1. Please go through the stretch C:215-231 and give me each residue that is within 30 Å of C:MET272 (Cα to Cα) and without any contact (Cβ under 8 Å) to a residue 40 or more places away in the chain, ordered by number.
2. Kindly indicate whether any position in the stretch C:339-346 is of a type in the set (Gly, Ala, Ser), surrounded by 18 or more Cβ atoms within 10 Å (Cβ to Cβ) and assigned by TED's automatic domain parsing to the domain that holds C:PRO230.
3. Find the helices (runs of 4 or more DSSP H) located wholly in the stretch B:53-157 whose residues include 3 or more that are touching a residue at least 12 places away in the same chain (Cβ under 8 Å) and open to solvent by less than 40 Å² (accessible area, probe 1.4 Å), and list them.
4. Restricting attention to the stretch B:219-231, does a residue exist that is over 29 Å from B:ILE100 (Cα atoms), at pLDDT below 75 and more than 14 Å from chain C (Cβ to nearest Cβ)?
5. State whether one or more residues within the stretch C:262-269 are within 11 Å of chain A (Cβ to nearest Cβ), within 23 Å of the chain's Cα centre (by Cα), assigned to a strand (DSSP E or B) and acidic (Asp, Glu).
6. Using the structure shown, decide if C:VAL298 is more than 25 Å from C:SER318 (Cβ to Cβ), over 28 Å from the mean Cα position of the chain (by Cα) and part of a strand (DSSP E or B).
7. Give the stretch C:202-237 a look and list any residue that's over 16 Å from C:MET122 (Cα atoms), open to solvent by less than 30 Å² (accessible area, probe 1.4 Å) and not in a strand (DSSP E or B), or say none.
8. B:ALA26 passes all but one of (1) open to solvent by 30 Å² or more (accessible area, probe 1.4 Å); (2) at pLDDT below 90; which number fails?
Amino acid sequence: MTFKICSANAVRRLAICLALAALGGCSTVGPDPWEKDLMARKEMLVGAYGPQMAADDHVFFSKEASSGGRGFAGGGCGCN
Amino acid sequence: MTVATPVDRTLGFERSGADWRGFFSAMATPCEVRVETEDAEAARAVVLAVETEARRIEAKFSRYRSDSVIGQINAGAGVETVVDSETAHLLDFADHCHRISAGLFDVTSGVLRRVWRFDGSANVPDDAQIEAIRRLVGWHRVRWRAPRIRLPAGMEIDFGGLAKEYAVDRALAVARILIEAPVLVNFGGDLCVSGPRRNGSGWKVAIESVDKDRNVAGLLRLMGGAVATSGDARRYLLKDGKRFGHILDPRTCRPVEGAPRSVTVAAATCVEAGLTATLAILQGVESEVFLKREGVRAWCIR
Amino acid sequence: MQLKKNRSGVREQIAALSASLLAITGAMAAVSVPDVAYASPGDNPNDNFGPGVSYTQLDSALLVYQESGGRVQAIEPSATLTAHSSAGDSLSVEVIADAVSGATPNGAVPADQLQTFQTPIMISGGHATVTGASGGSTVISLPGVAAVRQYTTAANLLPVDKGFHDHRGAFTFNWSQPLGRISDIGFGGGYSREQDYQAISGNAHIAQTFNGGNTTASLSVNTELDSSFPYGGVPTPLTVMSGVWKKPGTRNKTQLGFVVGLTEVMSRRWLMQLNYSFDSQSGYQNDPYRILSVVDSVSGEPTSYLYESRPNRRQSQSLFWDNKFDFDPFVTDISLRYFKDDWGITSKTAELSERINLGRSFFVEPDVRWYQQSAANFYRYFLVGGDSLPTYASSDTRLGKFTSLDYGMKLGFVLSGRTEFDIRGMYYQQTGDGHPAAAIGQLRQQDLFAGTKAAFVFFEYTWNFH
């Protein structure tokens, strides 16, 4: 029996040979699923701070001629 | 001291050093939970929750149960099966692992057991048998588009290389919701800890020797994360003095040559550790090179 | 079809993939990685709320808004309850209330003399009443003659009506769910009511995610029926402002719009969203209380005040492009918007925010927004006596040319998972041309830009629970 400890300090980003070159295969725009960790964070979610964006839109709607873009135009209030 | 316990099917609950230790049998393996606390009731609740989670995953993903999700998918080979979201995530995971590993990790390879029976005998299948089974192996033959899966007739999938590790991670997460005390979850040698012990030291984890005497081959101190082992000296075929290990390469449908007898990997999660260990051992003679190149914390036994 | 470059080692991929699996299935509730040697790219603490998990989210918020110069102040509490099922269905219900008061520019230009304005009022009893306390207005009621409310503006000041106050209550709901092979389909509705305004709205959307979850295309449509029932009756556009109590009336406006959206995960760290919106409104668009000054063509002194007049139809389009970049602990959001309508208004908006996570439970997020619009083709600072009356005219600053800048700072306290308390302060300032070349006589001495300076604070508490 031999007992061998493999180094933890090995260089990580060496080019991978083996058949790993097939990684990704044919692919279009966007990361692979195992790279979605950051996208799952609240700050990266579209609409995570809904009430705040709605409040901003409400203020800007009542002061500016443009509305919508992020969502629907209009404001549902008579503040014109 | 073993305390009689009302916990469903829990085999034991006892004081072990600074820990309360509960143990039970699930997923065809001995399972253990250690909770470093004085509070027996809280520890007992953790053990119960862990066991419940283990049994849930076993019931859901066991290939031996016809009423499991896997059983249903396999029984429905040839037609389309719609799966729930947890199964879908696991199948997605298997799909990506298959790609990352260029086919080395393959949840369809279980059918190889039909011809390769690792019983210590000399029953090595002949080429014809292997050719016959070959068309039933290969994830690329499976039509998977969440949440619908369709296996070609005769094919099977199993989460053998995944479900136990997944259960460990899930169980630890469940435990951590219940208690802040340090916890170790160990399902048949695949284990995960919540963090260091209360005094800041690591958990002592022994790596089992693969030799007949079954001595401890190594000891490591785990401060956090998980450890999983792949490889098992107890399962092999011996023909004409040649030893065929039980690790099968799904691409060749034959045992991997020159593989270490066991690879133990430490990683952040048990799923990661288990998968890395499996991929390492599938590299055969290149196992150590692979582990070193990837910077994995690992212990190989040859 | 393009072969993707091999960007990271197998170990990193396995680590990230494993972390993602456990995150998405809720197992990472508290997986910490105390040893950096084990750290994987996906070791962010998962909050156990997300796809496949049934949970409820409660958002409660309070907006406190104050304009400088004693102008509009508003306070707006809101609460939203959203229930998510593990199958991806969601139902949200929101209630909002607001109370608005303060002085509002009435649309007249300043003058070098005292200006007096009269508007209708309904009072009971027939005695002459003086109510200096009622928003600086005087109510004049003579026997046999309908009462009027009168307010004055001192020389060289922007005319404002201090009697302005309103309350609003609104309710909205939205339902959304996956259906068969459709990623998401849903509908919603809302009702909003003020003392003199009512809005009923409905919307529906459909979204499809493909390309391995990296691309989402969506189509949303919405419609709104607004009813205006001005206090004192509906004034006839471009007639002289008066205190005459008119027959109560209602004017409607219908609105129909759609948004086509594309959300694309460009890379592990880059999320992009592109929206095209089209909006069509038809019906009563006037501000029934807003007037324009008619000034003498030589002296620039006001001679009368006319109610404004806007076209009945308005169509607008906008293109909105949002980018989020995650370079943990920094998250950058850059958005651009281009807007154009058939009233002659075009606008450009650019917004930049930078979130900085300071540890896991606290973040700061400064942001800046720049906005510029051109004037509607019927925008007038004032009308000139003797000139022929245009068909449409409004002096509403919102329809004029200006630039606005907005600076904000948010402090966020992440209490656990997605339970979070945020405070956000903003300062908003419009700048425009107060001395247009067309100014006549005394108007050359006045600042004709009635733009707003405002500060607002927004408190939000988000609580997620199972």
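1. Correct list: C:VAL221, C:ASN222, C:THR223, C:GLU224.
2. The answer is no, given that none of the residues of the stretch C:339-346 is of a type in the set (Gly, Ala, Ser), surrounded by 18 or more Cβ atoms within 10 Å (Cβ to Cβ) and assigned by TED's automatic domain parsing to the domain that holds C:PRO230.
3. It comes to B:69-75, B:85-100.
4. Yes, the stretch B:219-231 has at least one match.
5. no
6. no
7. The one that is over 16 Å from C:MET122 (Cα atoms), open to solvent by less than 30 Å² (accessible area, probe 1.4 Å) and not in a strand (DSSP E or B): C:ASN214.
8. Failed condition: (1).
The values are calculated or read from the model by the stated rules, or taken from the named source; none is laboratory data. Computed from a predicted model, the values in this text were never measured in an experiment. With ideal geometry, Cβ positions are generated from the backbone for all residues, glycine too; neighbour counts draw on all protein chains shown. These area figures cover heavy atoms from the full protein model, side chains too; ligands, DNA and RNA do not enter into them. Shrake-Rupley method; radii C 1.70, N 1.55, O 1.52, S 1.80 Å.
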